[in-house]
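**Q** Starting off with a structure, shown below.
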Amino acid sequence: MKNLFHKGLCLVMALCCIASRGYAGGGTLPDAQGHDLKLSYSRTTLKTVADAITQQVGIVFSYEIALADYPMENLYVTEQGAALDAILKTVFTPRGIDYRVVDKVVVLTRSAHPAQTVRAAPAKAQVTGVVRDAAGNPMIGVTVTIKGTLVGVSTGVDGSYTIPADKDAMLLFSYIGYRNQEEPVGQRTQIDVTMQEDQLMMDEVVVVGYGTLKKRNIVGAVENLAGDAVENRPNADITRSLQGQIPGLNIVQTDGKAAHGGQVTIRGVNNSFKARVNGGQKENKLGQGGSALVLIDGAEGDMGSVNPDDIASISVLKDASSAAVYGARGAFGVILITTKNPEKGKVRVNYNGSVSLHRRTVIWEDNVVTDPVQWVEAFRESYLNSSPTATVPSLFNNYMPYSNAWFEELKRRRADPTMDNYSIDANGNYSYYGETNWLKEIYKSVNYSTTHAVSIQGGREGVSYYVSGRYYNQDGIYKVGEETYKKYNLRAKGSIRIRPWLTLDNNTSLMSSKYHQPMMHYGQQMISRQIDMFAFPFALLKNPDGTWTQTAAKSGYAAFAEGTSWQEDNRLEVANTTTFNFEFVPEVFKVSADVTYKGARWTRDRMENLYTYYTGVNVSGQDNSYSSLENWNYISNYISTNIVGTLTPKLGRDHDLNVVAGWNLEDYDYRAQKTYRQGNLYPSKPSFTLMDGEYYSTTSGGYTWGLVGFFGRINYAYAGRYLVELSARYDGSSKFPANSQWGFFPSASVGWRLSEEPWLKPHVEGWLDNFKIRASIGSLGNANIDPYQYLETMTATNSASIAKSSVIINGQNVPYTSVPDLIPDDITWEKVTTYNIGLDLDLFNNRLSFTGDYYRRNTTDLYTVGPNLPQVLGSAAPYGNYASLKTKGWEVSLGWRDSFKLGGKPFNYSLRAMLWDSRSWITDYYNETGDLTTYYKGMEIGEIWGFRTAGIYASNAEALNGPAYNFFKNGEMFRAYAGDLRFVDVDGDGIMTKGNRTLSNHGDMEIIGNQSPRYQYSINMSLNWNGIGLSMLWQGVGKRDWYPWTESGFFWGKWNRAYNSLMKTQTGDRVVKIDKSTDNWRVTNMDKNPYWTRMVSLAANRNDGPLTWENDHYLQDASYIRLKNITVDYTFPKHICKKLRIEGLKIYVSGENLFTHSPMFKYTDMFDPEVITSGDSDFASTQKSGLGGTGNGYSYPMLKTVTLGVNVTF
């Protein structure tokens, strides 16, 4: 594989050498003799004119691709025996095009002067104005003519024009890709115009795999998004800005950290899941993953590393047909991010700056009870309800003393505000009687961020450049503890035309980030979880003498406040792509050869220290037994090279052929090293040399892989009606054994534009603009497998391959390792086959548009655990290609856009609604027993097994007549009481059981919900009038179920543990009230329909608690709708900008996540519907669920944002 890679580099270098020597092909200028030429066009493009002259005269033209659609108006030329220079001057000079001869090729460029008046016409006044697009941006090169004459001009770089016209004249505004617009002059001398796009005339060019295609010729499931959709959004990561913008692009946000992005999948969801088992959780993973391939300017990259202001367009390739040319890398879809190219002309400088205020979407501190008396009463109740003979323990969470006498003193002191909130007994021990909102002490009300972005671009004929930089800075959400995130982006793009047929492009980018955050000094836990578990309202932050209380130490507050326990991540990514573009035959045959290098360096330092607390005047302690310092270093180097040829022969008006063929090589090397030691001597000076601990460790690891691929694609369109695309890729990967390294993956798609059929077109003209049916089928391989899976590897302990024995052998600790596990005979590609049917409609002059797709995706040979082996073999079941999965889904989008006059000015508006859904089922998996804690054949991904309920028992007598609680440990009793859940005895045996949790014996459990997001949707609205713009994006999930895990204290409160927080939603008539005056307890507020059952500590915590196992009473509807973004902007008029000596000025106010509604808010106000998972990926231990785990809801909170920004162009 490495030899292939080196040969590839040599081939690219050889092409570069050829480039430096020059190219002898191409046309030459004819001798200086007379030429005949006849041109007759009322409206056409420069490309058409150049091609016609080439055919009639034989000369060869060269011009920028962007100039191909330059409008050529009223061109009527008949020449006989004319000199070549005279022809060129007649055709091009009056229309704003300069020409010159370079290496016997006529080079055409846009003139610095506007197009001249072709034929003079009488005029009584000078009419001026500005032409803008629907977004309010000035349009350059729009042709403005007096209808019925040849009098015309073109708009300048600022969109302005001046034309002589009398009051009876009709001005005609025209531009390729936009609908013609007419404006009567009358008495006006200022006529501003807003042009409306004409999608079918425009033939929008969409970025696809290794090239571009006209939108009308695309038959795959491809969605394109302009870069301005993510501009002016105050997000550090563009995944937050992309959410809800493209149907089928699923982005799940797990928290609100600036350093984190969303989990991105295309047409599907993550197939992994956690099953509840005794003692905690069971992790299940199917296959090697289904994440989308992200390519930035053709090179694999991370969306989080891109400057949003640099993005020109984003294309999402959703089916196998459109992604086929990426083969093994694009099995689950491809996201193509194209950054802005340089614009020639005078130097343009743009500045975009903003300041943002952030606030958590859920304000925990406002939703918890801080009255210490009420909190302690609930603490007592949850224990006393555990059994008829229960008592209150003598400690809060095993460290803070409790007694009835102390409780009475607490009530007395809280009733008298003049009394101290602490006391010191005769032995010098402290007692506390305060009222502390610990969450409020930790979290700020608001935090801020700033963004500064600058771009500079310009150039001249043959040379252009684009340089941009962005700085993003966000401070933390914590009142105590330093949290800062800084991110720097730099990009430099340049293009040099070495020869008329050869261009050298270079694209260099740099991303650097630094994230410093405070952390717990032990266990790597989340601060919110520690407060919920250890910070009681009556406890104080500090003792009377200023020392830390034990609660401040245990909760992590002391560690945050002192700032000596922290984690810091530093990342640096540098990427460079150099490309040689050879245009051997202009507009017909070109070849590009590129080399990309991407290097990443990432370091993580983690410091944990000890903190001294005092429980008495002279009684101190520390909450952990050691301090520590950790350092990780990660290094990755990625090199790729591509050679791609594109052939677009001119086969006549009815034939459109595009052929792409190429070769791709990639090489990746990754290395990691970790150093750890205990015993910090100086907490404020982290250094391994300033430590005295005897325990230390150093581990290292890494891997390499290589990939080579040959690919091709043929697109053919006949008469604009019949469309065919054939694609294939032949891939080889070093991740597989030699006998299965190579895979061939073909695809095909067809399309039919009925709207172009002669038998239909006459009947639908005027209202049906486009009617296209698409169908595709394709197969791709998935090489996203960990390297070395096919090798037998030995491991001694953790990640070490060799370790020293703990047993003395022959007087010493000897090295040892383990016998490797078995591996299957053959490991091969996971195969993904996709079927797609689509429909595209455009109606009423392209004002109404509809796109719909239905697809089925079959994934076979999924890499997962295989059949069980006899225990006497002494080896676990091997992993291999043993499973398969099917996914069905659909996507629809409906859009409307229009314009009308309001107050004499154009009012432009648009509305687009999108809805999509998918479901996945296991079609093959080794599970002989039908175990429900893992995958099984026929299982739907995301399904939730649990118990049915029928309300709450109103009395003990009613509870005794219900099914036996033998399985549930309700407090300290195996029975139900008044106020407990009434479970449904599904199997009718009179006892609530879970059986053995298999398909054949699942007791009273059945499928009660599904946690996969369903019916995802978004609504995008925008309007623009007189420089004022308003846009709004709503995004949501129509169906999603969620059951809170054990240890989710922010949901269960004292039903989890008696010392957890007491939520305000768990007070009053929301909770059952029990009359215990007789043995037949009864609920006294059943008429209030209480949601919360009898408050019993550990009811939702133990392995067998009645609320631990999923049930439909506490199953939450986590669907939601969110105002993802709203932006109001104002673009200043041209005359004001001129006075300020600038080209353009826009100010805007933008809001993110300002409003959210979810049905779950009826029962809990402690959760954001997007942040309901466990923990934080920065601290691996926090992501564990179940007993001893973190529980749900303690993640870094989601943020809502208000931004004020300004955009200035010089």
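**Q** Taking S382, is it over 26 Å from N664 (Cβ atoms), touching a Lys or Arg at 6+ places or on another chain (Cβ under 7 Å), of a type in the set (S, T, N, Q) and in contact (Cβ under 8 Å) with a residue 60 or more places away in the chain?
**A** Details: over 26 Å from N664 (Cβ atoms): yes; touching a Lys or Arg at 6+ places or on another chain (Cβ under 7 Å): yes; of a type in the set (S, T, N, Q): yes; in contact (Cβ under 8 Å) with a residue 60 or more places away in the chain: yes.
Yes: the conditions hold for S382.
**Q** I've got another one for you. Can E1047 be described as of a type in the set (D, E), farther than 30 Å from V1128 by Cβ and in contact with a helix residue (DSSP H, G or I) (Cβ under 9 Å, 6 or more places away or on another chain)?
**A** yes
**Q** Moving on. I want to confirm something. Restricting to segment 536-548 and keeping residues that are touching a strand residue (DSSP E or B) at 6+ places or on another chain (Cβ under 9 Å) and over 26 Å from G1175 (Cα atoms), which single residue is surrounded by the fewest Cβ atoms within 10 Å (Cβ to Cβ)? It would help to see each step written out before you state the result.
**A** Taking segment 536-548 as the starting set, the residues that turn out to be touching a strand residue (DSSP E or B) at 6+ places or on another chain (Cβ under 9 Å) are 536-545, 547-548.
Within this subset, residues satisfying the condition of being over 26 Å from G1175 (Cα atoms) are 538, 540, 542-545, 547-548.
Numbers: F538: 26, L540: 18, K542: 15, N543: 20, P544: 13, D545: 8, T547: 16, W548: 23.
Looking at the filtered set, the residue picked out is D545.
**Q** Could I ask something else about it? Only one residue in D166, D237, D158 is out of contact with any Lys or Arg (no Cβ under 7 Å at 6 or more places or on another chain), acidic (D, E) and either under 30 Å from P1133 (Cβ atoms) or buried (at least 19 other Cβ atoms within 10 Å of the Cβ) (or both), so which one is that? I'd like the intermediate steps shown before the answer.
**A** Working: D166 fails: out of contact with any Lys or Arg (no Cβ under 7 Å at 6 or more places or on another chain); D158 fails: out of contact with any Lys or Arg (no Cβ under 7 Å at 6 or more places or on another chain).
Exactly one residue qualifies, and that residue is D237.
**Q** So, one more: Just to check your reading of the model, which residue among L911, L902, L894, L915 is surrounded by fewer than 19 Cβ atoms within 10 Å (Cβ to Cβ), in contact with a Phe, Trp or Tyr (Cβ under 9 Å, 6 or more places away or on another chain) and without any contact (Cβ under 8 Å) to a residue 60 or more places away in the chain? Give the derivation first.
**A** Details: L911 fails: without any contact (Cβ under 8 Å) to a residue 60 or more places away in the chain; L902 fails: without any contact (Cβ under 8 Å) to a residue 60 or more places away in the chain; L915 fails: without any contact (Cβ under 8 Å) to a residue 60 or more places away in the chain.
Just one listed residue meets the conditions, L894.
**Q** Go through (1) under 30 Å from K650 (Cα atoms); (2) in contact with a Gly (Cβ under 6 Å, 6 or more places away or on another chain) and name the single condition M691 misses.
**A** Here M691 clears every test but (1).
**Q** Give the residues of segment 1082-1115 that are farther than 20 Å from R1057 by Cα and buried (at least 22 other Cβ atoms within 10 Å of the Cβ), sorted by residue number.
**A** Scanning segment 1082-1115 gives a single hit, V1083.
**Q** Look at K285 and say whether it is surrounded by fewer than 24 Cβ atoms within 10 Å (Cβ to Cβ), touching a residue at least 12 places away in the same chain (Cβ under 8 Å) and over 30 Å from V454 (Cβ atoms).
**A** Working: surrounded by fewer than 24 Cβ atoms within 10 Å (Cβ to Cβ): yes; touching a residue at least 12 places away in the same chain (Cβ under 8 Å): yes; over 30 Å from V454 (Cβ atoms): yes.
Considered against the rule, which asks whether it is surrounded by fewer than 24 Cβ atoms within 10 Å (Cβ to Cβ), touching a residue at least 12 places away in the same chain (Cβ under 8 Å) and over 30 Å from V454 (Cβ atoms), K285 comes out as yes.
**Q** Of the numbered conditions (1) farther than 19 Å from Y443 by Cα; (2) of a type in the set (V, I, T); (3) modelled with pLDDT of 90 or more, T1173 fails exactly one; give the number of that condition.
**A** Unmet for T1173, out of (1) farther than 19 Å from Y443 by Cα; (2) of a type in the set (V, I, T); (3) modelled with pLDDT of 90 or more: (3).
**Q** Here is a check on your reading of the model: is V708 surrounded by fewer than 18 Cβ atoms within 10 Å (Cβ to Cβ), under 33 Å from the mean Cα position of the chain (by Cα) and not small (G, A, S)? Before the answer, list the steps.
**A** Details: surrounded by fewer than 18 Cβ atoms within 10 Å (Cβ to Cβ): no; under 33 Å from the mean Cα position of the chain (by Cα): yes; not small (G, A, S): yes.
Criteria not met by V708.
**Q** Taking the residues in segment 151-181 that are in a loop (DSSP other than H, G, I, E, B) and aliphatic (A, V, I, L, M) as candidates, determine which candidate is nearest to R110 (Cα to Cα).
**A** Within segment 151-181, the match that is nearest to R110 (Cα to Cα) is V157.
**Q** May I pose another question? Please specify each residue of segment 891-912 satisfying the condition of being at pLDDT 95 or above and charged (D, E, K, R).
**A** Answer for segment 891-912, where residues must be at pLDDT 95 or above and charged (D, E, K, R): E891, R912.
**Q** List every residue pair whose Cβ atoms sit under 7 Å apart, with the two residues 6 or more apart in sequence or on different chains, where the first one lies in segment 1198-1210 and is assigned to a strand (DSSP E or B) and the second, anywhere, is of a type in the set (K, R).
**A** Close Cβ pairs (under 7 Å, with a partner that is of a type in the set (K, R)) amount to L1199/R359; L1199/R360; K1200/R359; N1207/K1146; T1209/R348.
**Q** Say whether the condition of being closer than 30 Å to R329 by Cβ, without any contact (Cβ under 8 Å) to a residue 40 or more places away in the chain and among the polar types (S, T, N, Q) is met by at least one residue in segment 641-653.
**A** First pass over segment 641-653, keeping only residues closer than 30 Å to R329 by Cβ: 641-649.
Now restrict to residues that are without any contact (Cβ under 8 Å) to a residue 40 or more places away in the chain: none.
No, there is no match, as no residue in segment 641-653 is closer than 30 Å to R329 by Cβ, without any contact (Cβ under 8 Å) to a residue 40 or more places away in the chain and among the polar types (S, T, N, Q).
**Q** Is it true that some residue in segment 419-435 is more than 30 Å from D1079 (Cβ to Cβ), in contact with a Gly (Cβ under 9 Å, 6 or more places away or on another chain), among the aromatic types (F, W, Y) and not in a loop (DSSP other than H, G, I, E, B)? Explain how you work it out, then say what you get.
**A** Applying the first criterion (more than 30 Å from D1079 (Cβ to Cβ)) to segment 419-435 yields 419-435.
Retained after the next criterion (residues that are in contact with a Gly (Cβ under 9 Å, 6 or more places away or on another chain)): 421-422, 424-425, 427-430.
If we keep only those that are among the aromatic types (F, W, Y) too, we end up with 422, 430.
Add one more test, that the residue is not in a loop (DSSP other than H, G, I, E, B), and what stays is 422, 430.
Looking through segment 419-435, at least one residue is more than 30 Å from D1079 (Cβ to Cβ), in contact with a Gly (Cβ under 9 Å, 6 or more places away or on another chain), among the aromatic types (F, W, Y) and not in a loop (DSSP other than H, G, I, E, B).
**Q** For segment 1120-1144, what are the residues that are over 30 Å from the mean Cα position of the chain (by Cα) and either of a type in the set (K, R) or assigned to a strand (DSSP E or B) (or both)? Show your work before the answer.
**A** Initially, segment 1120-1144 is screened for residues over 30 Å from the mean Cα position of the chain (by Cα), giving 1132-1144.
Listed by number, the residues that qualify are K1134, K1138, K1139, R1141, G1144.
**Q** Under the condition of being out of contact with any Pro (no Cβ under 9 Å at 6 or more places or on another chain), outside any strand (DSSP E or B) and over 23 Å from S449 (Cβ atoms), which residue from segment 238-271 is modelled with the lowest pLDDT?
**A** N270
**Q** Kindly indicate the residue of segment 920-942 that is assigned to a strand (DSSP E or B) and not aliphatic (A, V, I, L, M) and also nearest to P1106 (Cα to Cα) among those meeting that condition.
**A** Start the filter on segment 920-942 by keeping residues that are assigned to a strand (DSSP E or B), which leaves 920-924, 931, 940.
Checking the rest, the ones that are also not aliphatic (A, V, I, L, M) come to 920-921, 923-924, 931, 940.
Details: S920: 31, W921: 30, T923: 33, D924: 34, D931: 22, E940: 26 Å.
Selected residue: D931.
**Q** Please go through segment 490-514 and pick out each residue that is of a type outside the set (A, V, I, L, M, F, W, C), surrounded by fewer than 22 Cβ atoms within 10 Å (Cβ to Cβ) and under 26 Å from the mean Cα position of the chain (by Cα).
**A** Keep residues of segment 490-514 that are of a type outside the set (A, V, I, L, M, F, W, C), which gives 491, 493-495, 497, 499-500, 503, 505-509, 512-514.
In the following step, the residues that additionally are surrounded by fewer than 22 Cβ atoms within 10 Å (Cβ to Cβ) were identified as 494-495, 497, 499-500, 503, 505-506, 508, 512-514.
Passing the criteria: T508, S512, S513, K514.
**Q** So which residues in segment 52-81 are surrounded by fewer than 17 Cβ atoms within 10 Å (Cβ to Cβ) and either part of a strand (DSSP E or B) or small (G, A, S) (or both)?
**A** Selection gives G58, A66, A68, Y76, V77, T78, Q80, G81.
**Q** Quick check on my filter: what residues within segment 850-886 are polar (S, T, N, Q) and modelled with pLDDT under 95? Don't jump to the end; show me each part of the working.
**A** First, pick out the residues of segment 850-886 that are polar (S, T, N, Q): 851, 858-860, 864, 868, 871, 875, 881, 884.
Selection gives N858, T859, T860, T864, N868, Q871, S875, N881, S884.
**Q** Which members of segment 393-408 meet the condition of being at pLDDT below 95 and more than 23 Å from A553 (Cα to Cα)?
**A** Residues satisfying the conditions do not exist here.
**Q** Can you find even one residue in segment 36-47 that is within 27 Å of G345 (Cβ to Cβ), in a strand (DSSP E or B) and touching an Asp or Glu at 6+ places or on another chain (Cβ under 7 Å)?
**A** Checking segment 36-47: at least one residue is within 27 Å of G345 (Cβ to Cβ), in a strand (DSSP E or B) and touching an Asp or Glu at 6+ places or on another chain (Cβ under 7 Å).
**Q** Given the residues S625, S620, which is the only one that is among the hydroxyl-bearing types (S, T, Y) and either touching a Cys at 6+ places or on another chain (Cβ under 6 Å) or assigned to a loop (DSSP other than H, G, I, E, B) (or both)?
**A** On the way: S620 fails: either touching a Cys at 6+ places or on another chain (Cβ under 6 Å) or assigned to a loop (DSSP other than H, G, I, E, B) (or both).
Only one candidate passes the filter, namely S625.
The values are calculated or read from the model by the stated rules, or taken from the named source; none is laboratory data. The model shown is predicted, which means the values in this text are computed figures rather than measured ones. Glycine also receives a Cβ, built like all others from the backbone with ideal geometry; neighbour counts cover every protein chain displayed.
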